[in-house]
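The values are calculated or read from the model by the stated rules, or taken from the named source; none is laboratory data. Note that this is a predicted model, so its numbers are computed, not measured. Glycine also receives a Cβ, built like all others from the backbone with ideal geometry; neighbour counts cover every protein chain displayed. Each accessible area value is taken on the protein alone, full model and side chains, heavy atoms only, with ligands, DNA and RNA left out. Shrake-Rupley method; radii C 1.70, N 1.55, O 1.52, S 1.80 Å.
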Amino acid sequence: MTRRWALVAAAGMLALAGCSSDLPDEPSSGGSPSSDSPKSEFFDQAEYDRQLAFRNATPQGPNGKPWEQMLEPQMADTAKFAKPGGKYTLCFSNAAVNNPWRQVGFKTMQQEVKLHPEITDFVVLDAEAKDDKQVSDIQSLSGRNCSAIIISPNTTATLTPAVEQACGTGVPVIVFDRGVNTTCPVTFIHPIGGFAFGADGAEFLKEKVKPGGKILALRILPGVDVLEQRWAAANEIFGGTELDVVGVEFTDGDAAKTKSIVSDYIQREGKIDGVWMDAGATAVAAAEAFQDAGVDVPAIVGEDQQDFLRLWVDEGLNAIAPTYPTYQWRTPVVAAVKILKGEQVPKEWVLPQPRITSDNVREYVKQDMPPLHYAMCGCEGMPGYPGPWK
(Lines give C-alpha, C1' and ligand atoms only; values in the text may rest on other atoms or scores of the structure.)
Protein backbone atom coordinates (compact mmCIF):
# COMPACT_ATOMS: atom_id res chain seq x y z
CA MET A 1 0.00 0.00 0.00
CA THR A 2 1.45 3.38 -1.01
CA ARG A 3 1.57 5.83 1.89
CA ARG A 4 0.21 9.27 1.26
CA TRP A 5 2.95 11.84 1.74
CA ALA A 6 0.73 14.20 3.67
CA LEU A 7 1.97 14.19 7.26
CA VAL A 8 1.65 17.90 6.94
CA ALA A 9 2.39 20.61 9.43
CA ALA A 10 -0.24 23.19 10.29
CA ALA A 11 0.01 26.02 12.75
CA GLY A 12 0.28 29.58 13.73
CA MET A 13 -2.92 31.44 14.31
CA LEU A 14 -3.59 27.81 13.64
CA ALA A 15 -0.85 27.50 16.21
CA LEU A 16 1.45 25.59 13.96
CA ALA A 17 1.34 26.59 10.36
CA GLY A 18 -1.51 28.84 9.32
CA CYS A 19 -3.04 26.33 6.93
CA SER A 20 -5.55 26.47 4.23
CA SER A 21 -7.06 23.15 3.29
CA ASP A 22 -8.10 21.21 0.24
CA LEU A 23 -10.08 18.75 2.33
CA PRO A 24 -13.82 18.91 3.12
CA ASP A 25 -14.95 20.72 6.22
CA GLU A 26 -16.48 18.97 9.21
CA PRO A 27 -18.92 20.69 11.54
CA SER A 28 -18.14 21.21 15.20
CA SER A 29 -19.78 18.69 17.45
CA GLY A 30 -20.08 17.97 21.13
CA GLY A 31 -20.61 14.78 23.00
CA SER A 32 -18.51 11.99 24.36
CA PRO A 33 -16.79 9.46 22.08
CA SER A 34 -17.32 5.84 22.93
CA SER A 35 -15.46 2.69 22.08
CA ASP A 36 -18.11 1.77 19.50
CA SER A 37 -18.40 5.23 17.92
CA PRO A 38 -17.37 5.50 14.26
CA LYS A 39 -13.75 6.45 13.72
CA SER A 40 -12.83 9.68 12.00
CA GLU A 41 -12.41 9.41 8.24
CA PHE A 42 -8.90 10.72 8.90
CA PHE A 43 -8.02 7.83 11.20
CA ASP A 44 -5.52 5.41 9.65
CA GLN A 45 -4.72 2.55 12.01
CA ALA A 46 -1.43 1.63 10.38
CA GLU A 47 -0.15 5.22 10.34
CA TYR A 48 -1.45 5.79 13.88
CA ASP A 49 0.47 2.74 15.11
CA ARG A 50 3.56 3.81 13.17
CA GLN A 51 3.63 7.31 14.64
CA LEU A 52 3.03 6.17 18.20
CA ALA A 53 5.84 3.64 17.85
CA PHE A 54 8.15 6.37 16.50
CA ARG A 55 7.79 8.20 19.82
CA ASN A 56 9.89 5.49 21.47
CA ALA A 57 12.34 4.97 18.62
CA THR A 58 16.00 5.85 19.15
CA PRO A 59 16.99 8.56 16.66
CA GLN A 60 20.09 8.23 14.52
CA GLY A 61 22.34 11.25 14.17
CA PRO A 62 24.42 13.72 16.19
CA ASN A 63 23.57 14.23 19.85
CA GLY A 64 22.14 17.63 20.63
CA LYS A 65 21.15 18.29 17.00
CA PRO A 66 17.63 16.89 16.62
CA TRP A 67 17.22 18.71 13.29
CA GLU A 68 19.90 16.38 11.89
CA GLN A 69 18.57 13.24 13.54
CA MET A 70 16.34 10.70 11.81
CA LEU A 71 13.99 7.91 12.83
CA GLU A 72 14.32 4.51 11.10
CA PRO A 73 15.59 6.04 7.84
CA GLN A 74 15.65 4.38 4.45
CA MET A 75 18.48 6.17 2.68
CA ALA A 76 18.31 7.49 -0.88
CA ASP A 77 21.30 7.64 -3.25
CA THR A 78 21.89 11.22 -4.42
CA ALA A 79 25.09 10.78 -6.44
CA LYS A 80 23.42 11.99 -9.64
CA PHE A 81 22.75 15.39 -8.06
CA ALA A 82 26.35 16.04 -6.95
CA LYS A 83 27.72 19.46 -7.94
CA PRO A 84 31.37 19.68 -6.86
CA GLY A 85 32.80 23.06 -5.97
CA GLY A 86 29.89 24.64 -4.14
CA LYS A 87 28.51 28.02 -5.27
CA TYR A 88 24.99 26.70 -4.84
CA THR A 89 21.85 28.67 -5.55
CA LEU A 90 19.31 27.38 -3.04
CA CYS A 91 15.70 28.19 -3.90
CA PHE A 92 12.76 28.08 -1.49
CA SER A 93 9.04 28.20 -2.23
CA ASN A 94 7.39 28.97 1.11
CA ALA A 95 3.68 28.57 1.77
CA ALA A 96 3.61 31.67 3.97
CA VAL A 97 5.09 33.53 6.93
CA ASN A 98 1.67 34.50 8.24
CA ASN A 99 1.92 33.42 11.86
CA PRO A 100 4.49 33.20 14.70
CA TRP A 101 5.32 29.52 14.15
CA ARG A 102 6.25 30.10 10.53
CA GLN A 103 8.06 33.33 11.33
CA VAL A 104 10.25 31.64 13.95
CA GLY A 105 10.89 28.78 11.54
CA PHE A 106 11.83 30.99 8.61
CA LYS A 107 14.22 33.08 10.70
CA THR A 108 15.86 29.85 11.81
CA MET A 109 16.16 28.67 8.20
CA GLN A 110 17.78 31.96 7.16
CA GLN A 111 20.38 31.59 9.89
CA GLU A 112 21.04 27.99 8.88
CA VAL A 113 21.78 29.11 5.32
CA LYS A 114 24.47 31.46 6.70
CA LEU A 115 26.24 28.46 8.24
CA HIS A 116 26.95 26.97 4.79
CA PRO A 117 29.48 28.92 2.70
CA GLU A 118 28.75 26.58 -0.21
CA ILE A 119 25.41 28.42 -0.59
CA THR A 120 26.13 31.68 -2.40
CA ASP A 121 22.54 32.65 -3.22
CA PHE A 122 19.28 32.00 -1.33
CA VAL A 123 16.20 32.77 -3.43
CA VAL A 124 12.91 32.86 -1.50
CA LEU A 125 9.38 33.26 -2.85
CA ASP A 126 6.49 33.67 -0.39
CA ALA A 127 3.17 32.28 -1.61
CA GLU A 128 1.21 34.31 0.96
CA ALA A 129 -0.93 31.22 1.74
CA LYS A 130 -2.29 31.20 -1.83
CA ASP A 131 -2.21 27.99 -3.86
CA ASP A 132 -2.28 29.71 -7.24
CA LYS A 133 0.62 31.98 -6.29
CA GLN A 134 2.70 29.07 -5.06
CA VAL A 135 2.08 27.13 -8.27
CA SER A 136 3.36 30.17 -10.17
CA ASP A 137 6.28 30.57 -7.75
CA ILE A 138 7.42 26.98 -8.25
CA GLN A 139 7.23 27.38 -12.03
CA SER A 140 9.30 30.55 -11.73
CA LEU A 141 11.96 28.85 -9.61
CA SER A 142 12.22 26.07 -12.16
CA GLY A 143 13.67 28.62 -14.57
CA ARG A 144 16.07 30.36 -12.16
CA ASN A 145 19.08 28.06 -12.36
CA CYS A 146 18.44 26.71 -8.88
CA SER A 147 20.86 24.07 -7.60
CA ALA A 148 18.08 22.65 -5.40
CA ILE A 149 14.47 23.60 -4.68
CA ILE A 150 12.91 23.45 -1.19
CA ILE A 151 9.11 23.50 -1.05
CA SER A 152 6.81 23.93 1.93
CA PRO A 153 3.41 23.34 0.25
CA ASN A 154 0.45 25.52 1.07
CA THR A 155 -1.96 22.61 0.57
CA THR A 156 -1.49 18.99 -0.31
CA ALA A 157 -3.51 17.98 -3.36
CA THR A 158 -3.39 21.31 -5.18
CA LEU A 159 0.39 21.63 -4.98
CA THR A 160 1.13 18.02 -5.94
CA PRO A 161 1.23 18.65 -9.73
CA ALA A 162 3.50 21.67 -9.27
CA VAL A 163 5.91 19.63 -7.16
CA GLU A 164 5.90 16.86 -9.76
CA GLN A 165 6.62 19.43 -12.46
CA ALA A 166 9.58 20.73 -10.45
CA CYS A 167 10.88 17.18 -10.02
CA GLY A 168 10.69 16.77 -13.78
CA THR A 169 13.29 19.50 -14.34
CA GLY A 170 16.02 17.26 -12.92
CA VAL A 171 16.78 19.69 -10.08
CA PRO A 172 16.64 17.96 -6.67
CA VAL A 173 13.41 18.82 -4.84
CA ILE A 174 13.05 18.76 -1.06
CA VAL A 175 9.60 18.94 0.53
CA PHE A 176 9.15 19.70 4.22
CA ASP A 177 6.62 20.83 6.82
CA ARG A 178 3.54 19.83 4.82
CA GLY A 179 3.36 16.97 2.36
CA VAL A 180 2.18 16.23 -1.16
CA ASN A 181 0.70 13.18 -2.88
CA THR A 182 3.84 12.13 -4.70
CA THR A 183 7.11 10.46 -3.80
CA CYS A 184 9.11 12.30 -6.48
CA PRO A 185 11.01 14.63 -4.10
CA VAL A 186 14.46 13.41 -3.11
CA THR A 187 13.38 13.66 0.52
CA PHE A 188 10.28 14.60 2.53
CA ILE A 189 11.17 16.09 5.91
CA HIS A 190 8.79 16.27 8.86
CA PRO A 191 8.54 15.52 12.58
CA ILE A 192 6.62 12.39 13.55
CA GLY A 193 3.16 13.73 12.84
CA GLY A 194 -0.34 14.62 13.94
CA PHE A 195 -1.33 11.28 15.48
CA ALA A 196 1.65 11.46 17.85
CA PHE A 197 0.84 15.06 18.81
CA GLY A 198 -2.82 14.31 19.51
CA ALA A 199 -2.03 11.14 21.43
CA ASP A 200 0.48 12.91 23.69
CA GLY A 201 -2.22 15.27 24.93
CA ALA A 202 -4.98 12.68 25.21
CA GLU A 203 -2.79 10.20 27.08
CA PHE A 204 -1.86 12.95 29.54
CA LEU A 205 -5.51 13.71 30.28
CA LYS A 206 -6.31 10.00 30.55
CA GLU A 207 -3.66 9.78 33.26
CA LYS A 208 -4.45 13.03 35.09
CA VAL A 209 -8.26 13.17 35.01
CA LYS A 210 -10.38 10.75 37.04
CA PRO A 211 -12.94 8.51 35.29
CA GLY A 212 -16.10 10.46 34.62
CA GLY A 213 -14.18 13.74 34.41
CA LYS A 214 -15.36 16.29 31.87
CA ILE A 215 -13.07 17.07 28.94
CA LEU A 216 -13.40 20.07 26.62
CA ALA A 217 -11.67 19.63 23.26
CA LEU A 218 -10.64 22.83 21.49
CA ARG A 219 -9.75 22.66 17.83
CA ILE A 220 -8.59 25.24 15.28
CA LEU A 221 -10.15 24.46 11.91
CA PRO A 222 -11.71 21.43 10.24
CA GLY A 223 -10.35 19.67 7.18
CA VAL A 224 -6.59 20.21 7.69
CA ASP A 225 -4.81 16.85 7.55
CA VAL A 226 -2.46 17.17 10.49
CA LEU A 227 -5.07 18.78 12.75
CA GLU A 228 -7.59 16.12 11.82
CA GLN A 229 -4.98 13.48 12.66
CA ARG A 230 -4.48 15.09 16.05
CA TRP A 231 -8.16 14.95 16.89
CA ALA A 232 -8.57 11.46 15.39
CA ALA A 233 -5.83 10.19 17.73
CA ALA A 234 -7.35 11.91 20.76
CA ASN A 235 -10.83 10.63 19.90
CA GLU A 236 -9.43 7.10 19.63
CA ILE A 237 -7.83 7.33 23.08
CA PHE A 238 -10.77 9.05 24.79
CA GLY A 239 -13.07 6.39 23.33
CA GLY A 240 -11.28 3.76 25.39
CA THR A 241 -11.76 5.63 28.68
CA GLU A 242 -14.58 6.73 30.98
CA LEU A 243 -13.77 10.38 30.37
CA ASP A 244 -16.74 12.49 29.28
CA VAL A 245 -15.93 14.72 26.30
CA VAL A 246 -18.60 17.37 26.85
CA GLY A 247 -17.68 19.46 23.84
CA VAL A 248 -15.56 19.65 20.70
CA GLU A 249 -15.37 23.26 19.57
CA PHE A 250 -13.53 25.19 16.87
CA THR A 251 -11.82 28.40 18.03
CA ASP A 252 -10.42 29.68 14.70
CA GLY A 253 -7.18 30.25 16.62
CA ASP A 254 -8.73 33.39 18.13
CA ALA A 255 -7.89 34.14 21.77
CA ALA A 256 -11.11 36.03 22.52
CA LYS A 257 -13.26 33.30 20.98
CA THR A 258 -11.32 30.64 22.88
CA LYS A 259 -11.89 32.42 26.18
CA SER A 260 -15.60 32.87 25.41
CA ILE A 261 -16.06 29.18 24.56
CA VAL A 262 -14.31 28.01 27.72
CA SER A 263 -16.28 30.47 29.88
CA ASP A 264 -19.55 29.21 28.40
CA TYR A 265 -18.63 25.59 29.17
CA ILE A 266 -17.63 26.43 32.74
CA GLN A 267 -21.06 28.00 33.28
CA ARG A 268 -22.90 25.23 31.46
CA GLU A 269 -21.13 22.23 33.00
CA GLY A 270 -20.26 23.64 36.39
CA LYS A 271 -16.82 22.12 36.17
CA ILE A 272 -14.34 21.21 33.46
CA ASP A 273 -11.67 18.69 34.47
CA GLY A 274 -9.41 18.80 31.43
CA VAL A 275 -8.78 20.79 28.25
CA TRP A 276 -7.38 19.10 25.14
CA MET A 277 -6.14 21.29 22.27
CA ASP A 278 -5.02 20.37 18.76
CA ALA A 279 -2.69 23.41 18.77
CA GLY A 280 -1.66 25.56 21.68
CA ALA A 281 -1.36 29.18 20.54
CA THR A 282 -4.53 30.09 22.49
CA ALA A 283 -3.79 27.91 25.51
CA VAL A 284 -3.15 30.99 27.66
CA ALA A 285 -6.57 32.38 26.74
CA ALA A 286 -8.17 29.07 27.73
CA ALA A 287 -6.37 29.09 31.07
CA GLU A 288 -7.35 32.72 31.70
CA ALA A 289 -11.03 31.80 31.32
CA PHE A 290 -10.74 29.54 34.37
CA GLN A 291 -8.84 32.20 36.30
CA ASP A 292 -11.49 34.81 35.43
CA ALA A 293 -14.16 32.42 36.72
CA GLY A 294 -12.28 32.08 40.00
CA VAL A 295 -11.59 28.37 39.60
CA ASP A 296 -8.38 26.38 39.26
CA VAL A 297 -7.05 25.75 35.78
CA PRO A 298 -7.59 22.02 35.17
CA ALA A 299 -5.23 19.62 33.43
CA ILE A 300 -4.49 21.32 30.11
CA VAL A 301 -2.74 20.64 26.82
CA GLY A 302 -0.75 23.53 25.34
CA GLU A 303 2.30 23.92 23.15
CA ASP A 304 5.86 25.23 23.28
CA GLN A 305 5.25 28.95 22.81
CA GLN A 306 6.75 31.09 25.56
CA ASP A 307 3.58 32.69 26.96
CA PHE A 308 2.14 29.27 27.82
CA LEU A 309 5.40 27.90 29.21
CA ARG A 310 5.79 30.96 31.47
CA LEU A 311 2.20 30.69 32.72
CA TRP A 312 2.73 26.99 33.35
CA VAL A 313 5.77 27.62 35.54
CA ASP A 314 4.41 30.75 37.26
CA GLU A 315 1.05 29.19 38.14
CA GLY A 316 2.20 25.61 38.65
CA LEU A 317 -0.18 24.29 36.01
CA ASN A 318 -0.90 20.60 35.51
CA ALA A 319 0.02 20.59 31.84
CA ILE A 320 1.76 19.04 28.87
CA ALA A 321 3.05 20.60 25.65
CA PRO A 322 3.21 18.34 22.62
CA THR A 323 5.37 20.01 19.98
CA TYR A 324 5.77 20.28 16.23
CA PRO A 325 9.29 21.67 16.51
CA THR A 326 10.35 24.68 14.48
CA TYR A 327 13.87 23.25 14.33
CA GLN A 328 12.58 21.29 11.32
CA TRP A 329 13.22 24.48 9.28
CA ARG A 330 16.97 23.84 9.59
CA THR A 331 16.79 20.36 8.12
CA PRO A 332 15.92 21.17 4.46
CA VAL A 333 19.03 23.35 4.20
CA VAL A 334 21.17 20.60 5.73
CA ALA A 335 19.58 18.11 3.33
CA ALA A 336 20.15 20.32 0.28
CA VAL A 337 23.85 20.63 0.98
CA LYS A 338 24.16 16.89 1.51
CA ILE A 339 22.32 16.14 -1.72
CA LEU A 340 24.46 18.58 -3.72
CA LYS A 341 27.55 16.88 -2.33
CA GLY A 342 26.17 13.51 -3.43
CA GLU A 343 25.67 12.29 0.14
CA GLN A 344 22.78 10.01 1.06
CA VAL A 345 19.69 11.38 2.83
CA PRO A 346 16.56 9.59 4.07
CA LYS A 347 13.82 9.25 1.46
CA GLU A 348 11.42 10.12 4.26
CA TRP A 349 13.30 12.11 6.89
CA VAL A 350 11.32 11.70 10.11
CA LEU A 351 12.58 13.98 12.88
CA PRO A 352 12.15 13.49 16.63
CA GLN A 353 9.06 15.21 18.05
CA PRO A 354 9.68 15.96 21.75
CA ARG A 355 7.06 16.78 24.34
CA ILE A 356 7.45 19.18 27.24
CA THR A 357 6.35 17.95 30.66
CA SER A 358 6.45 19.24 34.23
CA ASP A 359 9.80 17.50 34.59
CA ASN A 360 11.54 19.60 31.95
CA VAL A 361 9.39 22.70 31.32
CA ARG A 362 11.78 25.06 33.11
CA GLU A 363 14.51 24.14 30.61
CA TYR A 364 12.47 25.72 27.82
CA VAL A 365 11.37 28.96 29.46
CA LYS A 366 13.22 31.93 27.93
CA GLN A 367 12.18 35.10 29.76
CA ASP A 368 13.91 37.39 27.25
CA MET A 369 12.11 36.01 24.20
CA PRO A 370 8.76 37.20 22.70
CA PRO A 371 5.56 35.57 24.04
CA LEU A 372 4.93 33.62 20.83
CA HIS A 373 8.51 32.47 20.33
CA TYR A 374 8.54 28.68 19.99
CA ALA A 375 10.97 26.98 22.34
CA MET A 376 11.80 24.08 20.00
CA CYS A 377 13.57 26.30 17.46
CA GLY A 378 16.96 24.62 17.85
CA CYS A 379 18.37 28.10 17.41
CA GLU A 380 19.97 28.90 20.77
CA GLY A 381 23.48 27.97 19.64
CA MET A 382 23.31 29.78 16.29
CA PRO A 383 25.43 32.90 15.65
CA GLY A 384 23.64 36.10 16.60
CA TYR A 385 21.06 34.44 18.87
CA PRO A 386 18.73 35.82 20.13
CA GLY A 387 18.82 38.91 17.92
CA PRO A 388 17.10 37.71 14.72
CA TRP A 389 14.36 35.94 16.67
CA LYS A 390 13.33 39.10 18.51
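Data for the structure
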item: All positions within region 161-174 that are open to solvent by less than 10 Å² (accessible area, probe 1.4 Å), of a type outside the set (Gly, Ala, Ser) and assigned to a helix (DSSP H, G or I); result: Val163
item: Answer from Ala162, Ala166, Ala199 - the residue that is at pLDDT 95 or above and within 30 Å of Ile237 (Cα to Cα); result: Ala199
item: Counted residues, region 300-319 - those being open to solvent by 10 Å² or more (accessible area, probe 1.4 Å) and touching a strand residue (DSSP E or B) at 6+ places or on another chain (Cβ under 7 Å); result: 2
item: Subset of region 43-64 [open to solvent by 70 Å² or more (accessible area, probe 1.4 Å), closer than 18 Å to Ala234 by Cα and of a type in the set (S, T, N, Q)]; result: Gln45
item: Residue pairs meeting the criteria (Cβ under 7 Å; at least 6 apart or on separate chains; first under 25 Å from Leu340 (Cβ atoms), in region 118-136; second open to solvent by 40 Å² or more (accessible area, probe 1.4 Å)); result: Thr120/Lys87; Val123/Arg144; Leu125/Ser140; Asp126/Val97; Ala127/Lys133
item: Long-range neighbours under 6 Å by Cβ, at least six apart or interchain, first residue closer than 17 Å to Leu372 by Cα within region 251-267, second part of a helix (DSSP H, G or I) and open to solvent by 20 Å² or more (accessible area, probe 1.4 Å); result: Gly253/Met13
item: Test result for Thr89, touching a strand residue (DSSP E or B) at 6+ places or on another chain (Cβ under 7 Å), surrounded by 15 or more Cβ atoms within 10 Å (Cβ to Cβ) and within 21 Å of Asp137 (Cα to Cα); result: yes
item: Residue within region 73-80 that is hydroxyl-bearing (Ser, Thr, Tyr), open to solvent by less than 10 Å² (accessible area, probe 1.4 Å) and under 19 Å from Glu343 (Cα atoms) present; result: yes
item: Cβ-Cβ under 6 Å pairs, at least 6 apart or on other chains, region 49-78 side assigned by TED's automatic domain parsing to the domain that holds Gly198, far side modelled with pLDDT under 95; result: none
item: Filter result for Leu125 (over 22 Å from Lys390 (Cα atoms) and open to solvent by less than 10 Å² (accessible area, probe 1.4 Å)); result: no
